[in-house]
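Written below as structure tokens is the structure these notes are about.
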Amino acid sequence: WWWAHGGSLRVWIGKKGVFQISNNVQNILTLERLANLENLDSYLGFQKRAELAKYQLIDFLIQAKKENKKVLGYGAAAKGSTFLNYAGIKSDLLPAIADSAKSKQGLFMPGSHIPIITPEEFYLENCQNVLILSWNLIKEFKEILNGKTLITAIPKLQIWNKKFSIENFKKTIHIIGS
């Protein structure tokens with residue numbers, strides 16, 4: 001096996017004795033047992049958690065639009081694209097997503113058709129509110145986007161650098177901090 005981006009695994013399968021099994025395999029199995037991933041109950045709430053994340057983000061983006069607060073995305077990662085498509089979010093709620101990868105700039109997010117812009121174009125927008133679509137990299141984005149209000153939707157909606165009239169938002173849809 002080989003670690004890939006995001007903690008995914010690549011697995012080679014063969015007849016017993018053909019490949020030497022790394023000690024890391026046992027380490028991963030132990031971590032899975034400790035995380036209770038061998039138990040069906042661990043998976044039963046997944047759909048509800050996914051729906052909650054979806055509805056929280058949709059409500060947040062609609063409320064931002066009602067308040068004339070622009071929200072742009074940052075990080076055109078596959079995980080973000082998957083989530084945007086699951087949530088049905090299009091460019092009417094998220095007008096653009098910035099990404100530093102030149103290979104993505106000038107293109108569109110698959111399915112949602114949200115334009116992918118350069119970091120320079122992002123800064124010209126002078127947008128204070130940023131949806132981080134690579135939520136696993138929030139620490140890095142906090143440094144890069146210092147002073148901006150950052151929003152992550154996974155595992156649930158979270159607002160960092162709370163400058164987005166958070167109190168009004170809480171009163172309106174009652175989801176943050178729940």
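If I filter region 75-93 down to residues being farther than 18 Å from LEU137 by Cβ and part of a loop (DSSP other than H, G, I, E, B), which single residue comes out as least open to solvent (accessible area, probe 1.4 Å)? Ranking the candidates gives ILE89 first. Close Cβ contacts (under 7 Å, 6 or more residues apart or on different chains) running from residues in region 151-162 that are aliphatic (A, V, I, L, M) to residues that are surrounded by fewer than 16 Cβ atoms within 10 Å (Cβ to Cβ) and not in a loop (DSSP other than H, G, I, E, B) comprise ILE159/ILE166. The residues of region 103-113 that are among the hydrophobic types (A, V, I, L, M, F, W, C), part of a loop (DSSP other than H, G, I, E, B) and open to solvent by 40 Å² or more (accessible area, probe 1.4 Å) amount to a single one, LEU107.
Taking the criterion of being open to solvent by 50 Å² or more (accessible area, probe 1.4 Å) and among the aliphatic types (A, V, I, L, M), the only residue of region 53-63 that qualifies is ILE62.
Every condition in (1) surrounded by fewer than 16 Cβ atoms within 10 Å (Cβ to Cβ); (2) within 25 Å of LYS139 (Cα to Cα); (3) of a type outside the set (Lys, Arg); (4) in contact with an Asp or Glu (Cβ under 9 Å, 6 or more places away or on another chain) is met by ILE116 except one, and the failing one is (1).
Does ALA50 count as surrounded by 15 or more Cβ atoms within 10 Å (Cβ to Cβ), more than 22 Å from ILE117 (Cβ to Cβ) and at pLDDT below 95? Explain how you work it out, then say what you get.
Details: surrounded by 15 or more Cβ atoms within 10 Å (Cβ to Cβ): yes; more than 22 Å from ILE117 (Cβ to Cβ): yes; at pLDDT below 95: yes.
So ALA50 passes the test.
Here SER42 fulfils each of the conditions (1) modelled with pLDDT of 95 or more; (2) open to solvent by less than 40 Å² (accessible area, probe 1.4 Å); (3) among the polar types (S, T, N, Q) apart from (1).
Candidates in region 64-74 are the residues that are under 15 Å from GLN128 (Cα atoms) and out of contact with any strand residue (DSSP E or B) (no Cβ under 7 Å at 6 or more places or on another chain); of these, the one that is least open to solvent (accessible area, probe 1.4 Å) is GLU67.
If you go through region 24-78 and pick out every residue that is more than 16 Å from ILE89 (Cα to Cα) and of a type outside the set (D, E, K, R), you end up with 21.
The values are calculated or read from the model by the stated rules, or taken from the named source; none is laboratory data. Owing to the predicted nature of the structure, the values given are computational and were not obtained by experimental measurement. Note: ideal-geometry Cβ built from the backbone for every residue, glycine included; neighbour counts use all protein chains shown. SASA here: full protein model, heavy atoms, side chains in, ligands and nucleic acids out. Shrake-Rupley method; radii C 1.70, N 1.55, O 1.52, S 1.80 Å.
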